Amino acid sequence: MAQVIELPRQSDGEVHYLHFTGGFRAAEVAKGAWRIEPVFVNGRPCAKGPLTKDELKALTRANNFRAVAFHLFGWVDGVYHSSWKPIVPSQPNHFEGPAGLWSNIAGNIARLRTKVFFEGAKHPTYAEVAKVVANKHPVEALAQYISLSLRNMDISVEQISDHYYEQLVNHMASGRLEGERSTNTQAQTL
């Protein structure tokens, strides 16, 4: 008789990471408390913490790590969500990344363009709404294209950062720490 095993479900949750160059990252484990990873302790890759925000800043400055992006991801009722916010050195606030900014520009143009239609249409059909929404102004279409291109770049940088993290952990676990290089098939995709 075949055995039936219930598949485990992940409870709702959220994780906030700060990614740095070279595969180093920090996870916010509680308000103002950060865990760093990977660190090399007793010949093994480990996570260490909690550190305060000031301790994290001091550690990254002392080791010349440069912040790349904030990554917030989680799941609610089994639905995964992810947000990648690149660090733009000239900006003091990284809440809105370049992809989001260009998406907002496209959305604002679309709102102005469709305002008269939506204010005047009592019961528009699906076809009428689809036609108005699809009839983009060239500047709106360009802003949307820029937004999607930047979002695609964010996804690529996120994958590269995850790849470097995994490679760093693998090097630590195998003891390859003396500048030895390695490659694998995943690196070819990047």
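The values are calculated or read from the model by the stated rules, or taken from the named source; none is laboratory data. Since we're looking at a predicted model, the values are computed, not measured. All Cβ positions, even for glycine, are placed from backbone atoms using ideal geometry, and neighbour counts span all protein chains on display.
Odds and ends about this structure:
- Looking across region 15-32, just one residue is over 16 Å from Glu55 (Cα atoms) and among the hydrophobic types (A, V, I, L, M, F, W, C), and that is Val15.
- Just one of the listed residues (Val88, Val76) is modelled with pLDDT of 90 or more and within 30 Å of Gly13 (Cβ to Cβ), namely Val76.
- Asp54 fulfils the conditions (1) under 22 Å from the mean Cα position of the chain (by Cα); (2) over 30 Å from Val139 (Cα atoms); (3) of a type outside the set (Gly, Ala, Ser) except for a single criterion, (1).
- Residues that are at negative phi and of a type in the set (S, T, N, Q), drawn from region 35-57: Thr52
- Candidate set: region 131-190, residues that are among the small types (Gly, Ala, Ser) and in a loop (DSSP other than H, G, I, E, B); chosen: the one modelled with the highest pLDDT: Gly175
- Unmet requirement for Leu56, which otherwise passes all of (1) closer than 19 Å to Glu158 by Cβ; (2) in contact with a Leu (Cβ under 9 Å, 6 or more places away or on another chain): (1)
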